[in-house]
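**Student:** Before I ask anything, here is the structure I am working with.
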Amino acid sequence: MQIADLDDIKIHYREDGDPNGAPVVFANSLGTDLRLWDKVIARLPQNLRLIRYDKRGHGLSDCTPAPYSMGTLVRDVERLLDHLQVKDCVFVGLSIGGMIAQGLAVKRLDLVRAVVLSNTAAKIGQPQMWADRIDAIANGGIEALEGPILDRWFAKPFRETAEFSAWRNMLVRQPVQGYVGCCAAISGTDFYTPTSGLRLPLLGIAGSEDGSTPPDLVRETVDLVPGSKFQLIRKAGHLPCVERPDEYAAILTDFLKEVGHV
Ligand SMILES: O=C(O)CC1=CCC(=O)O1
């Protein structure tokens, strides 16, 4: 098991592929751990250095008391990459992971050569919606909202598979403090202005059935950065890396070739 001791927090991460390869870093979404990327990582060229981690309050990383700020989540990954001596990575972030990607690219361009903003936006939802979600989950646990969350995560056919129950288990087993802590970070984030100033290769990915960050919302953020690319994955919800891993990995591999990583 790989743990980075960053003084005030221990972060669980995992490396696959070639330790001397070009680095690709993955940041996952609210309510998921680093297994979110299992299927995609298995399908990517293995001469890359493939790094993923559990953000604060999720998976096997430490869970500090809520609320968290986006600045804290960005600083965690900034310190993780410094700890791992990573520079010039392609950073792939999904949902809140995509917000972390934007924050990191704005703050530390030396760490990031290109970004993939998957199922994310510069701003996700409204503060009242996040306040209601925090309230419901603080009082009733993640189970209180699991139905609507899972409906947004996956298109209907996937919700009828045996595998679906494992993703439901992943969601409800995240610590409540970690979950609501990250809800607060999303609620307080509006990256429209800083992301508009980014000048680096950027790929946006959306799922046609995504109820959390619909394709038009993803596209609006992607269009803030001149020259960006956008790919829509059909028949997929908020987590296309789980539902459509072949397509997701193919799109990512093409982008990695374009930016000279493969
Ligand atoms: O739970 C959802 O609606 C999905 C989601 C929003 C932000 C994130 O990271 O996941």
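**Student:** Check region 2-258 and count each lysine pair with an alpha-carbon distance under 20 angstrom, considering only pairs eight or more places apart or from different chains.
**Tutor:** Step by step, the pairs that qualify in region 2-258 add up to 14.
**Student:** Work through the residues other than LEU217 whose Cβ is under 14 Å from its Cβ and net out their charges, Lys, Arg +1 and Asp, Glu -1.
**Tutor:** Local charge sum for LEU217: -3.
**Student:** If you roll a 1.4 Å probe over region 1-153 with all protein chains in place, what percent of the accessible area is carbon or sulfur?
**Tutor:** Result for region 1-153: 49 percent of the exposed heavy-atom area is carbon or sulfur.
**Student:** So for the chain: antiparallel DSSP bridges make up what percent, rounded to the nearest 5?
**Tutor:** Taking every DSSP beta bridge with both residues in the chain, the antiparallel ones total about 25 percent.
**Student:** What does the charge dipole of the chain about its Cα centre add up to, to the nearest 20 debye, if the Cβ of each Lys and Arg holds +1 and the Cβ of each Asp and Glu holds -1?
**Tutor:** So the dipole magnitude of the chain works out to roughly 300 debye.
**Student:** Can you tell me the FRET efficiency between ARG199 and LYS10 if r is taken as the Cβ-Cβ distance and R0 is 30 Å, rounded to the nearest 0.05?
**Tutor:** Computed FRET efficiency for ARG199 and LYS10: 0.30.
**Student:** Additional query: Per 0.36 nm of contour for each residue apart, how much would the distance between GLN85 and THR72 grow if the chain were fully extended, relative to their Cα-Cα spacing?
**Tutor:** Full extension from GLN85 to THR72 adds 2.7 nm.
**Student:** What ranking of SER228, SER95 comes out by heavy-atom accessible area, probe 1.4 Å, highest first?
**Tutor:** SER228, SER95
**Student:** Another question, then. So, for the chain, what is the accessible surface per residue at a probe of 1.4 Å, expressed in square angstrom?
**Tutor:** Accessible area per residue, the chain: 40 Å².
**Student:** Counting Lys and Arg as +1 and Asp and Glu as -1, what is the net charge of the other residues whose Cβ lies under 13 Å from the Cβ of MET129?
**Tutor:** Local net charge: +1.
**Student:** Express in nm, to one decimal, how much length is gained between THR64 and PHE164 on full extension, taking 0.36 nm for each residue of separation and deducting their alpha carbon distance.
**Tutor:** 33.1 nm
**Student:** Additional query: How much length would be gained if the chain were fully extended between ARG219 and GLU146, taking 0.36 nm per residue of separation minus their Cα-Cα distance, in nm to one decimal?
**Tutor:** Computed gain between ARG219 and GLU146 is 23.6 nm.
**Student:** OK, next. I want to verify a result. In a Gaussian network model of the chain, Cα cutoff 10 Å, which of these has the top mean-square fluctuation: MET99, MET129, MET170?
**Tutor:** MET129
The values are calculated or read from the model by the stated rules, or taken from the named source; none is laboratory data. Everything quoted here is computed from the prediction, not taken from an experiment. Note that each Cβ is placed from the backbone with ideal geometry, even for glycine, and that neighbours are counted across all protein chains shown. Surface areas here come from the heavy atoms of the whole protein model, side chains and all, with no ligands, DNA or RNA. Shrake-Rupley method; radii C 1.70, N 1.55, O 1.52, S 1.80 Å.
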